[in-house]
């Protein structure tokens with residue numbers, strides 16, 4: 001039997017890809033979601049419909065299906081061959097941006113009409129109003145649901161094991177079948193728990209920083 | 001006297017509801033005009049049309065001779081482009097019933113935001129003016145507080161200071177004391193009175209009849225989307241010859 005240290009190290013190696021996917025997804029999907037949310041709130045109908053279709057498709061189908069599609073399906077349909085890692089990045093960014101779009105849109109829409117009116121009465125234009133008045137207030141509203149997504153995301157990264165990326169889950173599974181014992185699963189669970197603990201507390205800290213006003 | 005605001009034959013519909021039915025009025029520089037009348041008579045809508053918070057359907061609105069909206073041949077209100085309208089309307093200060101302070105900004109930040117962002121004032125200069133205005137409304141010691149730490153009366157005084165910081169030519173008050181507890185109304189009226197003493201041009205939509213009577217040069221009584229009487233306070237409060245005013249005053253006084 002391999003010793004616990006070696007097992008742990010092997011599973012921890014898988015954390016590299018999990019963390020990479022996690023970081024890339026958050027880094028790109030949050031700005032993309034913000035842009036799409038603002039796009040959805042513009043009066044441009046065709047843009048609204050396009051974004052509606054986008055969020056419907058990506059929120060309306062399983063992430064795993066999307067992952068299979070971009071890794072296997074795209075190649076069959078178009079001949080474009082993405083690396084496993086690239087397929088995972090693109091799928092996760094598009095999928096999470098769709099959720100963030102809806103979270104941010106709802107957050108922006110929750111800001112009272114009176115805030116826009118006060119800004120307008122003071123001579124502020126639309127972009128000044130959004131940048132200085134609406135979005136800073138919307139951030140406070142969207143922090144809790146964004147934190148939820150951020151926790152879900154680290155667990156969703158486990159789906160990449162289905163396209164044979166050597167992440168935490170895949171390495172844990174291979175350890176378990178090799179050693180015929182469940183230690184690998186426990187180590188994986190502990191790793192996920194440590195990561196979610198860190199994420200939860202980062203968001204708690206940010207929320208606290210926004211608690212200076214009601 | 002020079003008209004600062006001129007409204008001609010203004011009509012406004014909310015879907016099929018005809019809210020303003022041909023309003024015409026002029027306000028001169030330095031004049032204080034109160035708009036009174038029953039709920040739903042169109043007072044607030046009229047005020048909100050003046051600074052483009054509502055879009056009028058027919059008629060003209062001009063500020064110091066510049067048209068914000070001008071009636072075309074069919075009477076339809078044709079607005080200037082948004083940027084021009086915004087630029088003209090920034091000469092009109094507005095105070096809302098619900099204050100609409102920016103909750104994520106301190107009192108001082110609320111006041112300097114527009115002078116810095118819109119007028120491009122240097123921050124130090126904006127702060128100096130803001131502190132002067134806060135002193136005037138009696139809230140200098142609250143400059144670092146956030147709106148949720150203030151009482152309703154204090155919030156409204158900050159909102160007045162915020163509007164004044166843009167150095168408006170005219171102040172519009174949309175029921176400034178209607179959301180306040182009775183004991184807090186006085187402090188806000190006092191600030192408005194101070195402005196009146198300084199000859200600030202003002203249009204005040206209000207339910208405070210005694211205040212309107214005391215402060216105004218002119219009273220406009222509106223009912224059912226129309227100006228019923230536009231005259232000196234005495235004409236309305238002392239000898240109301242119009243039956244609709246009598247009914248209204250009997251209810252509120």
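The values are calculated or read from the model by the stated rules, or taken from the named source; none is laboratory data. All figures in this text were calculated on a predicted structure; none of them were measured in a lab. Backbone-built Cβ (ideal geometry, glycine too); neighbour counts: all protein chains shown.
Of the residues making up region B:112-128, just one is farther than 19 Å from residue B:140 by Cβ and crowded, with 23+ Cβ neighbours inside 10 Å, namely B:114. Please verify whether region B:174-194 includes one or more residues that are surrounded by 16 or more Cβ atoms within 10 Å (Cβ to Cβ), within 28 Å of residue B:52 (Cβ to Cβ) and within 12 Å of chain A (Cβ to nearest Cβ). Yes: region B:174-194 contains one or more residues that are surrounded by 16 or more Cβ atoms within 10 Å (Cβ to Cβ), within 28 Å of residue B:52 (Cβ to Cβ) and within 12 Å of chain A (Cβ to nearest Cβ). Tell me, please, whether a residue that is within 14 Å of chain A (Cβ to nearest Cβ), modelled with pLDDT of 95 or more and outside any helix (DSSP H, G or I) can be found in region B:196-205. Yes: region B:196-205 contains one or more residues that are within 14 Å of chain A (Cβ to nearest Cβ), modelled with pLDDT of 95 or more and outside any helix (DSSP H, G or I). Consider residue B:212 carefully, then state whether it is touching a helix residue (DSSP H, G or I) at 6+ places or on another chain (Cβ under 6 Å), surrounded by 16 or more Cβ atoms within 10 Å (Cβ to Cβ) and over 23 Å from residue B:8 (Cα atoms). Judged against the criteria, residue B:212 is not a match.
Residue-wise test of (1) without any contact (Cβ under 8 Å) to a residue 60 or more places away in the chain; (2) crowded, with 19+ Cβ neighbours inside 10 Å; (3) part of a strand (DSSP E or B).
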{"site": "B:13", "(1), (2), (3)": "yes, no, yes"}
{"site": "B:21", "(1), (2), (3)": "no, no, yes"}
{"site": "B:35", "(1), (2), (3)": "no, yes, yes"}
{"site": "B:39", "(1), (2), (3)": "yes, no, no"}
{"site": "B:46", "(1), (2), (3)": "no, yes, no"}
{"site": "B:49", "(1), (2), (3)": "yes, yes, no"}
{"site": "B:68", "(1), (2), (3)": "yes, yes, yes"}
{"site": "B:73", "(1), (2), (3)": "yes, no, no"}
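Does residue B:86 satisfy the criteria of being under 18 Å from the mean Cα position of the chain (by Cα), closer than 30 Å to residue B:15 by Cβ and within 10 Å of another protein chain (Cβ to nearest Cβ)? When the stated conditions are applied, residue B:86 passes them. Taking region B:133-156 as the range and being touching a helix residue (DSSP H, G or I) at 6+ places or on another chain (Cβ under 9 Å) and more than 22 Å from residue A:137 (Cβ to Cβ) as the test, the residues that pass are B:133, B:134, B:136, B:137, B:138, B:139, B:140, B:141, B:153. Would you call residue B:171 modelled with pLDDT of 95 or more, within 14 Å of chain A (Cβ to nearest Cβ) and either part of a loop (DSSP other than H, G, I, E, B) or touching a strand residue (DSSP E or B) at 6+ places or on another chain (Cβ under 6 Å) (or both)? For residue B:171, the condition - modelled with pLDDT of 95 or more, within 14 Å of chain A (Cβ to nearest Cβ) and either part of a loop (DSSP other than H, G, I, E, B) or touching a strand residue (DSSP E or B) at 6+ places or on another chain (Cβ under 6 Å) (or both) - is met.
None of B:109, B:31 is within 30 Å of residue B:141 (Cα to Cα), surrounded by fewer than 21 Cβ atoms within 10 Å (Cβ to Cβ) and more than 9 Å from chain A (Cβ to nearest Cβ) except B:109. List every residue pair whose Cβ atoms sit under 6 Å apart, with the two residues 6 or more apart in sequence or on different chains, where the first one lies in region B:224-246 and is at positive phi and the second, anywhere, is crowded, with 18+ Cβ neighbours inside 10 Å and not in a strand (DSSP E or B). Every condition considered, the pairs that remain are B:225/B:42.
For residue A:124, the conditions (1) in a helix (DSSP H, G or I); (2) within 20 Å of residue B:103 (Cβ to Cβ); (3) free of Cβ contacts under 8 Å to residues at least 24 places away in the same chain all hold with the exception of (1).
One residue stands out in region A:48-87 among those that are loosely packed, with under 14 Cβ neighbours inside 10 Å and in contact with a helix residue (DSSP H, G or I) (Cβ under 7 Å, 6 or more places away or on another chain): the one that is nearest to residue A:103 (Cα to Cα), namely A:59. For residue B:128, the stated conditions do not hold, so it cannot be described as closer than 23 Å to residue B:49 by Cβ and either part of a helix (DSSP H, G or I) or more than 9 Å from chain A (Cβ to nearest Cβ) (or both). Per this entry, residue A:188 is counted among residues that are in contact with a helix residue (DSSP H, G or I) (Cβ under 9 Å, 6 or more places away or on another chain), surrounded by 15 or more Cβ atoms within 10 Å (Cβ to Cβ) and more than 24 Å from residue A:28 (Cβ to Cβ).
Just name the residue that is nearest to the other protein chains (Cβ to nearest Cβ) out of those in region B:92-106 that are assigned to a loop (DSSP other than H, G, I, E, B) and touching a strand residue (DSSP E or B) at 6+ places or on another chain (Cβ under 8 Å). Don't jump to the end; show me each part of the working.
Taking region B:92-106 as the starting set, the residues that turn out to be assigned to a loop (DSSP other than H, G, I, E, B) are B:96-106.
With touching a strand residue (DSSP E or B) at 6+ places or on another chain (Cβ under 8 Å) added as a condition, the list becomes B:96-97.
On the way: B:96: 6, B:97: 9 Å.
The qualifying residue nearest to the other protein chains (Cβ to nearest Cβ) is B:96.
Reported count of residues in region A:137-167, each being more than 14 Å from every other protein chain (Cβ to nearest Cβ), in contact with a helix residue (DSSP H, G or I) (Cβ under 8 Å, 6 or more places away or on another chain), in a helix (DSSP H, G or I) and under 19 Å from residue A:95 (Cβ atoms), is 17. Being within 13 Å of another protein chain (Cβ to nearest Cβ), in a helix (DSSP H, G or I) and either modelled with pLDDT under 95 or under 17 Å from residue A:36 (Cα atoms) (or both) is a description that applies to residue A:134.
If you take the residues of region A:113-131 that are more than 7 Å from chain B (Cβ to nearest Cβ) and surrounded by 18 or more Cβ atoms within 10 Å (Cβ to Cβ), which of them is nearest to residue B:92 (Cα to Cα)? Full working, then the answer.
Residues of region A:113-131 that are more than 7 Å from chain B (Cβ to nearest Cβ), as a first pass: A:113, A:116, A:119, A:126-127, A:129-131.
Adding the requirement that they be surrounded by 18 or more Cβ atoms within 10 Å (Cβ to Cβ) leaves A:116, A:119, A:129-130.
Numbers: A:116: 16, A:119: 13, A:129: 18, A:130: 21 Å.
Residue satisfying both the conditions and the ranking: A:119.
Can you name the residue in region B:51-62 that is within 14 Å of chain A (Cβ to nearest Cβ) and surrounded by fewer than 20 Cβ atoms within 10 Å (Cβ to Cβ) and is also farthest from residue B:213 (Cα to Cα) among such residues? In this case the residue turns out to be B:55. Mind checking whether some residue in region B:83-91 is over 18 Å from residue A:124 (Cβ atoms), surrounded by 20 or more Cβ atoms within 10 Å (Cβ to Cβ), touching a strand residue (DSSP E or B) at 6+ places or on another chain (Cβ under 9 Å) and modelled with pLDDT under 95? No, every residue in region B:83-91 fails to be over 18 Å from residue A:124 (Cβ atoms), surrounded by 20 or more Cβ atoms within 10 Å (Cβ to Cβ), touching a strand residue (DSSP E or B) at 6+ places or on another chain (Cβ under 9 Å) and modelled with pLDDT under 95.
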